[in-house]
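Asks: I am attaching a structure below and will ask some questions about it afterwards.
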């Protein structure tokens, strides 16, 4: 795992590439290529077994797994050409790092290799569990037209639905921009095809969760009782600063008011947002905005948050510590990996986590071994082993944070 000093951490920039520079691994993207997936053994296996203690493995679903591709094998996936062009070296570097970390080696089989490796990692990590696989919709303008120039990646709902039909451990999601003129029809079609959750990334897709344009979509989500997994906080891969505010968790109150079950991805653990309740229009941390909502009794039954990405170097500060301590919120927290990001070595520093008291030195050594064999399993075991001392007590994420299958039950769903 990346070795990151405290001084280096303070230099982490806002961009993804800056994070890689600080991690000390900026160079040929091939340096990020992981080895083949392998079963863990010895002391590392013992640590995995300890991480599984007290859990029903069949209920452990990774709620945040991305499916991406470039269109090989007729997948329908697409990546903005700017991300593959030497004219845009930073974006090209980021794309190449993602490919390498995903274990892709044959450019004629990118999409197939991505899925094959993901499925192997998942089955080795927890053969009884499931992964919730997320597509990614196109950016859409306010008039309902598609904006391909602003779109970074596109993964069709149909492709992910087919994966769900072929593989028992895949739970398909959907991604549908609410500004589409046929958004509700697309939602019905996706749910009929097996989608169990809808994923939004407002900072990248360009939807405003507080806009009345979302109302019809929210109403149908609530009727179907399908949860909305929405990115909250800053999104570092976004090229347009004006869309960052769309990741303000306070903007999701409109969905909550419509009865939608909302999952705030990453616990809004990065960046600042406008305080929509402040007459002076000042900024607050996105995390504080989400805490305000989580502590609002009106949303106790339909606002949740996932812990994906929270161990990354730029997030593993106060948000991670506070969420470990906030036991009253653990029933509303959900485990997610944000794969493939856990496979990008510099984004998580076990040295930093040990230095901040989140893990022991002994655990760190074993976690590094697990990472080399299975980054997806590493993410799970790391989050199970995290703990923090506060007022003479030790706090860790409760087992219920990891048993996430309940989220996808739809007892009140209507046709």
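Asks: From the Cα gyration tensor of the chain, with a ≥ b ≥ c the square roots of its eigenvalues, which class applies: rounded if a/c is under 1.5, or else prolate if a/b is larger than b/c, or else oblate? Please report the intermediate quantities before stating the final value.
Replies: Working: a/c = 1.28, a/b = 1.15, b/c = 1.12.
Rounded is the answer for the chain, as its axis ratio a/c remains below 1.5.
Asks: Over the chain, with a Gaussian network built from C-alpha contacts below 10 Å, which listed residue (351, 180, 109) shows the highest mean-square fluctuation?
Replies: For the chain, modelled as a Gaussian network with Cα springs under 10 Å, the answer is 109.
Asks: Also: Indicate the gyration tensor shape class of the range 50-202 (rounded, prolate or oblate), computed on the Cα atoms with a ≥ b ≥ c the square roots of the eigenvalues: a/c under 1.5 is rounded; otherwise a/b larger than b/c is prolate and the rest oblate. Don't jump to the answer; show the numbers that get you there.
Replies: Details: a/c = 2.02, a/b = 1.21, b/c = 1.67.
It comes out oblate by the Cα gyration axes.
Asks: Please check which bits of the range 184-224 a label hung off residue 149 would reach, taking the label as a point 7 Å along Cα-to-C-beta and the cut-off as backbone N under 14 Å.
Replies: Counting only backbone N, you get no residues.
Asks: Please give the contour-minus-distance gain from residue 53 to residue 142: 0.36 nm per residue of separation, less the Cα-Cα distance, rounded to one decimal in nm.
Replies: The span from residue 53 to residue 142 would gain 27.2 nm if fully extended.
Asks: Identify which of 53, 146, 94 has the largest mean-square fluctuation in a Gaussian network model of the chain, with springs joining Cα atoms closer than 10 Å.
Replies: Largest GNM mean-square fluctuation: 53.
Asks: Which three lengths, in whole Å and largest first, does the range 249-367 cover when its Cα atoms are put on their principal axes?
Replies: Here the spans come out as 47, 30, 26 Å, largest first.
Asks: Right, here's the next one. For a quick check: sort 108, 75 by the number of other beta carbons within 10 angstrom, fewest at the front.
Replies: Ordered by Cβ neighbours within 10 Å, fewest first: 108, 75.
Asks: Suppose the chain between residue 283 and residue 241 were pulled fully straight at 0.36 nm per residue; how much longer would it get relative to their current alpha carbon spacing?
Replies: Details: separation 42, 0.36 × 42 = 15.12 nm, distance 1.53 nm.
Taking residue 283 through residue 241 to full extension adds about 13.6 nm, to one decimal.
Asks: Does the range 95-172 classify as rounded, prolate or oblate by the C-alpha gyration tensor (a ≥ b ≥ c root eigenvalues; a/c under 1.5 gives rounded; else a/b over b/c gives prolate, otherwise oblate)?
Replies: Numbers: a/c = 2.65, a/b = 1.50, b/c = 1.76.
Oblate, since a/c reaches 1.5 and b/c is not below a/b.
Asks: Continuing with this model, one more query. What is the Cα centroid distance between the range 188-222 and the range 290-369, reported in whole angstrom?
Replies: 26 Å
Asks: Expressed in nm to one decimal, what extension gain is obtained for the pair residue 193 and residue 298 from 0.36 nm per residue of sequence separation less their Cα-Cα distance? Before the final figure, lay out each step's value.
Replies: Working: separation 105, 0.36 × 105 = 37.80 nm, distance 3.24 nm.
The span from residue 193 to residue 298 would gain 34.6 nm if fully extended.
Asks: Can you put 107, 391, 293 in order, fewest other beta carbons within 10 Å first? Please list the in-between numbers first.
Replies: Details: 107 10, 391 6, 293 20.
Result, fewest neighbours first: 391, 107, 293.
Asks: A follow-up question, please. Give me 175, 105 sorted ascending by neighbouring Cβ count inside 10 Å, so fewest comes first. Spell out each step's value before the answer.
Replies: Numbers: 175 25, 105 12.
Result, fewest neighbours first: 105, 175.
Asks: Of the candidates 63, 223, 350, which one comes out as most mobile in a Gaussian network treatment of the chain with C-alpha springs shorter than 10 Å?
Replies: So, out of 63, 223, 350, the one fluctuating most is 223.
Asks: Taking only Cα atoms of the range 153-272, what ratio of Rg to Rh do you get with Rh as the Kirkwood inverse-distance radius?
Replies: Rg/Rh for the range 153-272 comes to 0.96.
Asks: Where q = 0.19, 0.20 Å⁻¹, what log10 of I(q)/I(0) comes from the Debye formula for the range 124-164, counting one point per Cα?
Replies: For the range 124-164, the Cα-only Debye profile gives -0.68, -0.71.
Asks: Restricting to bridges with both residues inside the chain, how much of the DSSP beta-bridge set is antiparallel, in percent to the nearest 5? Provide the component values of the computation, followed by the final result.
Replies: Details: 10 of 31 bridges.
Taking every DSSP beta bridge with both residues in the chain, the antiparallel ones total about 30 percent.
Asks: Further, regarding this structure: Do the sum for the chain: with -39,500 (n - 2.57) for every DSSP H run of n ≥ 4, divided by all residues, what is the mean residue ellipticity at 222 nm, to the nearest 500 deg cm²/dmol? All intermediate terms of the calculation are to be shown ahead of the outcome.
Replies: Numbers: 15 runs with 138 residues, N = 415.
Value at 222 nm, helices only: -9500 deg cm²/dmol.
Coordinate-derived values only; no laboratory data. Quick caveat: nothing in here was measured; it's all calculated off a predicted structure. Glycine gets a Cβ as well: all are built from the backbone with ideal geometry, and neighbour counts include every protein chain shown.
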